[in-house]
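Take a look at the structure below.
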Amino acid sequence: MAAVPNMEARPSTGGTTVVGLGVRADSLVEGQGPVESFLDPFERDDDESLVEQLGPLLESGRHVVAIHPRWFASASRLRLEMADCLLGRPRLALYETSLPPLAGGVLAALASALSIRLGSPGLTHAALPDLEEQLHRFAWLGSVKGLEEPSPRLIQHATSWWPWTKFAVSSWPQPAVRRLTKQDRGVPLPELAGPHGLAFSIHEGDPAWVTATLAPALGLEPAEVAATPHGPAWWGTDRLVEAVAYPTDMAALAARLGAALEARTCGWCGELVAAEPCPFCGATEHGTGPPVA
């Protein structure tokens, strides 16, 4: 491995484009920017077309922050990185998440709004782990036979064969599966600080669990969005309703998340970042620069 010659430091001035791999970002908050979604995995012969798609996203000095769920095709991440290299100066930062499909789309939507307020693609990328923590995930499931995360208990797997059995998943205080009954249709709920929204998407599930049980308990007005492209594959069933509670005061959120970041200028590519290594060029703060093959 050899190091490439140092490039002239040129902090980004063109703004940030957020890309979602395998997730779709709906319009959720005021001031949200556009999000480009690549819903299908990239194939081996997609390199040329991918360069053509990525090029316009990086025009006028813009940078791309791409959200890549761990469950989405790993080859897509590699092909996106390859396209960035073919285009020249690195302006792509990838962020890996384990969030399920709807929550991944919400993360991309809020990231686009956050990037406008933080004013730096590097700071936007660094704020994503804390932004993830602001999202509370829920799901209504008609079966847990195909669910891997969170892992159902053995008795829940067994009762899942009964056609009348229903389940719910909540991420708070930790991800867990709960069997629903006629008498008890609730799940553990967090106390929400500040204004929040509640997005939900339906496949073949019971939306009334969100609109009549979850939303009133949270004190939120639910808003339906399009069904997630990869929801059934991730949750292991078509009998599915996903829901995510998310903060909507983006100015306050940007101020809070931004205050926790320790910004610095990357000594290699000149970008304003708050993570090590630099998410764009891979250089460490005290290193000689990014290695290349």
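Scan region 138-194 for residues that are touching a His at 6+ places or on another chain (Cβ under 6 Å) and free of Cβ contacts under 8 Å to residues at least 12 places away in the same chain and the total you get is 0. When E242 is tested against the conditions (1) assigned to a loop (DSSP other than H, G, I, E, B); (2) in the same structural domain as A199 (by TED's automatic domain parsing); (3) surrounded by 15 or more Cβ atoms within 10 Å (Cβ to Cβ), the lone failure is (1).
Yes or no, residue by residue, for (1) surrounded by 15 or more Cβ atoms within 10 Å (Cβ to Cβ); (2) among the β-branched types (V, I, T); (3) modelled with pLDDT of 90 or more:
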| site | (1), (2), (3) |
| --- | --- |
| L257 | yes, no, yes |
| A263 | no, no, yes |
| C266 | yes, no, yes |
| L272 | yes, no, yes |
| C278 | yes, no, yes |
| E285 | no, no, no |
| T288 | no, yes, no |
| V292 | no, yes, no |
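For first residues located in region 261-273 and within 13 Å of L118 (Cα to Cα), partners that are buried (at least 17 other Cβ atoms within 10 Å of the Cβ) and hydroxyl-bearing (S, T, Y) and lie 6+ apart or on another chain with Cβ distances below 7 Å form the pairs L272/S120. If you check D249 against the conditions, is it among the charged types (D, E, K, R), under 15 Å from V29 (Cβ atoms) and surrounded by 13 or more Cβ atoms within 10 Å (Cβ to Cβ)? Yes. Restricting region 18-42 to residues that are more than 21 Å from A223 (Cα to Cα) and part of a loop (DSSP other than H, G, I, E, B), the residue that is modelled with the highest pLDDT is G22. Looking at region 56-159, the strands (runs of 3 or more DSSP E) lying wholly inside it that each contain 1 or more residues that are among the aromatic types (F, W, Y) and under 24 Å from V244 (Cβ atoms) sit at 92-97, 136-141.
The set of residues in region 165-201 being buried (at least 19 other Cβ atoms within 10 Å of the Cβ) and either among the aliphatic types (A, V, I, L, M) or part of a loop (DSSP other than H, G, I, E, B) (or both) consists of A168, V169, S171, V177, V187, L198, A199.
The values are calculated or read from the model by the stated rules, or taken from the named source; none is laboratory data. What you are looking at is a predicted structure, and each value in this text was computed from that prediction instead of being measured. With ideal geometry, Cβ positions are generated from the backbone for all residues, glycine too; neighbour counts draw on all protein chains shown.
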